[in-house]
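Reading through the structure tokens given below for one structure.
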Amino acid sequence: MNADGTKDQVSRRGFLGVGSAALVTAVGVLSAAGAAAQDQQMNARATTDRSKSDPGPTNSPQDAQNPDSAWPPATDSKSLVQTFKYPFSFANKRTYKGGWSREVTVRELPVSKSMAGVNMRLTAGGVRELHWHTAGEWAIILYGTARITAIDADGKSFVADVNKNDLWFFPSGIPHSIQGLEPDGTEFMLVFDDGDFSESETVLLSDSMAHLPPEVLSKNFGVAQSALKNLPKQELFIFQTLVPGPLEADQKAAAGARGKSPRDFAFRTMAMPPTKRTKGGEVRIVDSSTFKVSTTAMAMVTLHPGGLRELHWHPNADEWQYYISGKGRMTVVSTGNKARTMDFQGGDVGYVEKSLLHYIENTGDTDLIFLEMFKSSFYQDLSLSEWLAHTPPELVMAHLNIDKATLDAIPRDELVIVPR
């Protein structure tokens, strides 16, 4: 009904017709817009590098931990450097009542020819039985407290308690033991100066006794064979016993007629000031100049978020690494125009062959703490920046196609850790 009282000439059928036509028009517009959007999407796909996609099955957690392997930086070479990472989480544990042990040797990490690592946990009272090795044993406490015992080459005794970040070193053939203390035992990292070394091939007290004729043992010890009837028939390796008493009592009991060893097989790492400290972090270097008995050199490095262990190389030894905490990445530049970048987290082992250029960068939001280990009595490295700064300027500028101002900005002294 119109305002003047006449009927509206547009019927319901007509209204529907008009509505349908409008709807068709609207659908047409939307279809055209959709087609245009689809065309744009297809064009975008055509211009996108489809090789940078991975539609097949993936191990997402592993990819997330190893982004520089999943999608390497363009600076990596297609002909790769040998793999230089192995996580301890892949290593099989040997479990016992009293603790466990796991190892990463040249078997797991073929590039690691000069050094091998053993990660071990002992409960309070748990004992790594009396033994010795054909390789030198360097160690750092990662957690808790332990008591270590040994005798030196003169037969004099050594007994000491070690805590987190403390070190010990037992040369090849020096017999020793390790025992966890209260309240919760200990966990530590052992590093051996032989990539083929295995903890399962150690000279053990229990195993040695089981392989000697009883009459020989009786004659050797000057006791009746019956007194030795309960000797273990197989190796103990790790076993649970009582937590030892006060340190002073053990030291006095072990000293005997020969007395205490003048050699200190332990080293208190955190009692020494950092060898180098910058805004980017700090490093403590421990070798035979500070830890007299050790023929294995160490650098304990802490990188703050964004910090960089500067580009460098080691001319005297391969570098075995253990990552204690944090996240980082390392590029190794090898001979033959090869380079590879890999990512590291706490619990990973890394390895760099002697004289290869590399860096380590903190890529996380917490401190990156790791060890650099060397089969050498002394620590040595060369800084890329220092080398360039002490080479005739015209020669460096010709190589790198840089101007004098850029060259002058390069640090003239080794920084070790940047930013300075």
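The values are calculated or read from the model by the stated rules, or taken from the named source; none is laboratory data. All figures in this text were calculated on a predicted structure; none of them were measured in a lab. Cβ sites come from the backbone with ideal geometry, for glycine too, and all protein chains shown count toward neighbours. Note: areas computed on protein heavy atoms with side chains; ligands, DNA, RNA excluded. Shrake-Rupley method; radii C 1.70, N 1.55, O 1.52, S 1.80 Å.
What the table below lists for this structure:
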{"item": "Computed E for LYS233/LYS97 - FRET, C-beta separation, R0 22 angstrom, nearest 0.05", "result": "0.80"}
{"item": "For LYS113, net neighbour charge (Lys/Arg +1, Asp/Glu -1) across residues whose Cβ lies under 13 Å away", "result": "-4"}
{"item": "Selection of trypsin sites (Lys or Arg not before Pro), the stretch 190-282, meeting DSSP coil and at most 12 other Cβ within 10 Å", "result": "LYS229, LYS233, LYS279"}
{"item": "³J(HN,Hα) computed for each position of the stretch 150-157 - Karplus, 6.51 cos²θ - 1.76 cosθ + 1.60, integer Hz, glycine/proline x", "result": "6, 10, 8, 5, 9, x, 8, 8"}
{"item": "The chain: most fluctuating residue of GLY336, GLY222, GLY347 per GNM, C-alpha cutoff 10 Å", "result": "GLY222"}
{"item": "Listed residues SER69, SER226, SER172, most fluctuating in the chain (Gaussian network, C-alpha, under 10 Å)", "result": "SER226"}
{"item": "GNM top mover of ALA124, ALA227, ALA266 - the chain, alpha-carbon springs below 10 Å", "result": "ALA227"}
{"item": "Sequence of ARG121, ARG420 when ordered by accessible area, the most exposed leading, probe 1.4 angstrom", "result": "ARG420, ARG121"}
{"item": "The stretch 333-420, accessible surface, carbon-and-sulfur percent (1.4 angstrom probe)", "result": "54"}
{"item": "Share of carbon and sulfur in the accessible heavy-atom surface of the stretch 63-183 [1.4 Å probe, %]", "result": "56"}
{"item": "Environment charge at GLN65 (Cβ cut-off 12 Å; Lys +1, Arg +1, Asp -1, Glu -1)", "result": "-1"}
{"item": "Label-point separation, ALA255 to SER226 (7 Å along Cα→Cβ), nm", "result": "3.8"}
{"item": "Among ALA135, ASN165, THR145 - extreme Cα towards positive end, dipole of the stretch 96-236, charges at beta-carbon", "result": "THR145"}
{"item": "5 angstrom amide H check on LEU356, placed H, neighbours 5+ away", "result": "HIS314"}
{"item": "Surface per residue (accessible, 1.4 Å probe) for the chain, Å²", "result": "53"}
{"item": "Inter-label distance for ALA405 and ARG263, nm, one decimal - labels placed 7 Å from Cα along Cα-to-Cβ", "result": "5.9"}
{"item": "Alpha-carbon centroid distance for the pair the stretch 198-246 / the stretch 296-330, whole angstrom", "result": "41"}
{"item": "Accessible heavy-atom area order of ARG50, ARG102, highest first, probe of 1.4 Å", "result": "ARG50, ARG102"}
